[in-house]
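Trainee: Below is the structure I would like to discuss, written out as structure tokens.
Just so it is clear, none of the values below were taken in a lab; they were calculated from the coordinates. These numbers come from a predicted model, not from an experiment. Neighbour counts are summed over all protein chains in view; Cβ atoms, including those assigned to glycine, are modelled from backbone coordinates with ideal geometry.
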Amino acid sequence: MRCPPILCTLALVSAGSASGQQWAAVRLHPDGMLFSEAFAVGAGVQGGSFRDVSQLSNPPVLWRGTNTNWSLLSSGIGTIGDVSGIWGAVQVGTVDAHAALWFGTPESRIDLALATSSALAVRGNMQTGWVQVQSTYHAAIWRGNAASFVDLHPLGASSSYTYATDGVLQGGVAWYAIPNGTQSHAAIWNGTAQSYLDLSPGGRDAYIHGMVPGVQVGRVFINAAHADHAALWHGTAASWIDLHPAAAVAGASRFNATTGTIHVGQGRVDGTGGIEGALINFGTPTSWVNLYDYLPPGYNSGSVAHAVYQDGGTIYVAGFAVRDSTGEREAFLWIGHVPCYSNCDQSTASPALNANDFQCFLNKFAAADAVANCDESTAAPVLNVNDFMCFLNKFAAGCT
């Protein structure tokens, strides 16, 4: 299905599916730009990049919910960069092939490396990405400045990258040479190269693309016929869970980011091998929503969900969709709601609402996670006693 443009961009529209989801698709692409892409999302802000029509600059940009409310984090003719990760008031990304850290303004930028590099994720005081060492790419972490750089490249790997962090651990991939090629190994680290842990199940090609404490998401290659499957881990190779859409018999799927219970990415879910679309998943192979269904007309050529942020019961997903008439990427923000907010742990066994949901909510509140902002207040302190009352009321109301 496709919704009318006015509903897609200005209002939440009914998903018309068994999930009962409601979504709005907001076009972030500034008029007059050649292309754009949103890679990161946080509280009231989205990060990415766009290319001007002169094709002289491709700067890092922060949006604030519309295609007219944006600001650059670096400027100048020939600037190339992006914003790849957001955590609170902190952003990470790349400017002219150097990993960068910002605090909301161009003047706040900290150059994290003098070599060719990129910062891809941030949480707390940890930034992750990669650095080029001679002709090899090495997984890297920083803690706020270039002097804090730690090389995570594991012994024997041909290249490695860190795409995510939960503030303590780092997640990504290490490549190893094999006869007639290389093989990708999903990996997590704990701050040193020696702490490398291989999460690839059964020796399959795999990647970690996103993580939060206790949960890692990415993809696992199954075989040539079935390609990549969206995958979830809990810290070990044996914990791997295949969340590939049940309908995508011959398609592919992958996760790019997670809140811990909500995962986003891309895939072909109809089994036809058609165009990849932006997807969101709520923890089971059957709990998928096709976000590309809520794009306005003229965006049937592919889409991707790169990042997800939950504030109370509201979900924000950042990514892009390809405009049919130009073949170019345009940044989009999808906005929806958690199917049943009081089912905090997103359990599926009956009863779905139980004491575990109270413990889940308490854990998120203690961790200052925006998920616990039940009343979605904006005045400081955002998390307060009102959120407990809000959660109790929603729990009492049950799931509808």
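Trainee: If you average the sequence gap of Cα pairs under 8 Å that are 6 or more apart and divide by the length of the chain, what percent do you get for the contact order?
Mentor: On the way: 1125 pairs, mean separation 47.9, N = 400.
In percent, rounded to a whole number, it is 12.
Trainee: Once the Cα gyration tensor of region 174-319 is diagonalised, what are the square roots of 5 times its eigenvalues, in whole Å and ordered largest first, as equivalent ellipsoid semi-axes? Each step should come with its number before you reach the end.
Mentor: Working: eigenvalues 133, 75, 32 Å².
The three semi-axes for region 174-319 are 26, 19, 13 Å.
Trainee: Could you order the peptides 312-325, 361-374 from most to least packed, using the average number of other C-beta atoms within 10 Å per residue?
Mentor: Numbers: 312-325: 21.6, 361-374: 19.0.
Averaged packing, sorted descending, gives the order 312-325, 361-374.
Trainee: For L120, which sequence-distant residues (separation of 5 or more, or a different chain) have an amide H within less than 5 Å of its own amide H, given hydrogens modelled in the peptide plane?
Mentor: T128, G129, W130
Trainee: Just the Kirkwood number for the chain, please: inverse of mean 1/r across all distinct Cα pairs, in Å, one decimal.
Mentor: Working: mean 1/r = 0.0467 Å⁻¹.
It is 21.4 Å.
Trainee: I want the local charge near D311. Using Cβ-Cβ distances under 13 Å, sum +1 for each Lys or Arg and -1 for each Asp or Glu among the other residues. Walk me through the intermediate numbers first.
Mentor: Details: positive: K364; negative: D369, D375, E376, D387.
Overall, the nearby charge balance is -3.
Trainee: Given 0.36 nm per residue, what is the gain on full extension from A177 to S71 after removing their alpha carbon distance, in nm?
Mentor: Numbers: separation 106, 0.36 × 106 = 38.16 nm, distance 4.27 nm.
Full extension from A177 to S71 adds 33.9 nm.
Trainee: For S54 and T286, calculate 0.36 nm times their separation in residues minus their Cα-Cα distance, and state this gained length in nm to one decimal.
Mentor: Numbers: separation 232, 0.36 × 232 = 83.52 nm, distance 4.46 nm.
Working it through step by step, the gained length comes to 79.1 nm.
Trainee: Residue by residue, what Karplus-based ³J(HN,Hα) values in Hz, rounded to whole numbers, does region 236-242 have, using 6.51, -1.76 and 1.60 with θ = phi - 60° and x for Gly and Pro?
Mentor: So the Karplus estimates, Gly and Pro as x, are 9, 4, 5, 7, 4, 10, 8 Hz.
Trainee: To continue, here is another question. Could you check which residue among Q134, Q55, Q346 shows the biggest mean-square fluctuation in a GNM of the chain with a 10 Å Cα cutoff?
Mentor: Maximum fluctuation in the GNM of the chain, among the listed residues, is at Q134.
Trainee: Another question, if that's okay. In deg cm²/dmol and to the nearest 500, what is the mean residue ellipticity at 222 nm of the chain if only DSSP H runs of at least 4 residues count, each as -39500 (n - 2.57), divided by the residue total? Present the calculation step by step, with values, prior to reporting the outcome.
Mentor: Working: 3 runs with 31 residues, N = 400.
Mean residue ellipticity at 222 nm (helix-derived): -2500 deg cm²/dmol.
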